[in-house]
Amino acid sequence: MTLCPRCAHDTVGRLATSPVPGVWDVLQCRRCLYTWRTTEPARRTRRDAYPDVFKLTADDLAAAIEVPAIPPLRTTS
């Protein structure tokens, strides 16, 4: 089972797969939306190696004020 390195949630989905089978996958946590490629170093892909200062809990996520909005695209004049 794959856990999210950032929030330890156990529901992780596959967003993309390498065109060369078995080389890498891009995974995303369904709770905190953290996204990583399986070929990244352990500090980005494994909960036990993820920096403590960046780890989140379910309570941290519930108390978050908001997820920053993506600004509108600029138009060319």
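The values are calculated or read from the model by the stated rules, or taken from the named source; none is laboratory data. Predicted, not measured: the structure shown is a model, and the values here were computed from it. Because the Cβ atoms are built from the backbone with ideal geometry, glycine has one as well, and the counts that use them run over all protein chains shown. In case anyone asks, the SASA skips ligands and DNA or RNA and just uses the protein heavy atoms, side chains included. Shrake-Rupley method; radii C 1.70, N 1.55, O 1.52, S 1.80 Å.
Summed over the residues of the chain and divided among them, the accessible surface reaches 78 Å² per residue at a probe radius of 1.4 Å. Quick one: net charge of Thr45's neighbours, Cβ under 13 Å, K/R +1, D/E -1? Once positives and negatives cancel, what remains is +3.
Computed about its Cα centre, the charge dipole of the chain is approximately 220 debye, with only Lys, Arg, Asp and Glu carrying charge at their Cβ. I need the P(r) histogram for the chain: all alpha carbon pairs, bin width 5 Å from 0 out to the longest distance, whole percents. Taking all Cα pairs of the chain, the binned fractions are 3, 14, 20, 21, 15, 11, 8, 5, 2, 0, 0 percent.
Rounded to the nearest 500, the helix-only mean residue ellipticity at 222 nm of the chain stands at -2500 deg cm²/dmol, with each DSSP H run of n ≥ 4 adding -39,500 (n - 2.57). Once you order the gyration tensor axes a ≥ b ≥ c over the Cα atoms, which shape class does the range 16-60 get: rounded for a/c under 1.5, otherwise prolate or oblate by comparing a/b with b/c? Taking the square roots of the gyration eigenvalues as a ≥ b ≥ c, the range 16-60 is oblate. Each residue of the range 17-27 is assigned a 3J(HN,Hα), and the resulting list reads 10, 4, x, 9, x, x, 7, 7, 10, 9, 10 Hz, derived from the Karplus form 6.51 cos²θ - 1.76 cosθ + 1.60 (θ = phi - 60°), x at Gly and Pro. Counting only protein heavy atoms and a 1.4 Å probe, tell me what percentage of the range 5-76's accessible area is made up of carbon and sulfur. C and S atoms contribute 56 percent here.
Working note: Karplus 6.51/-1.76/1.60 with θ = phi - 60° gives the range 31-38 the couplings 9, 9, 6, 4, 10, 8, 9, 5 Hz, where Gly and Pro are set to x.
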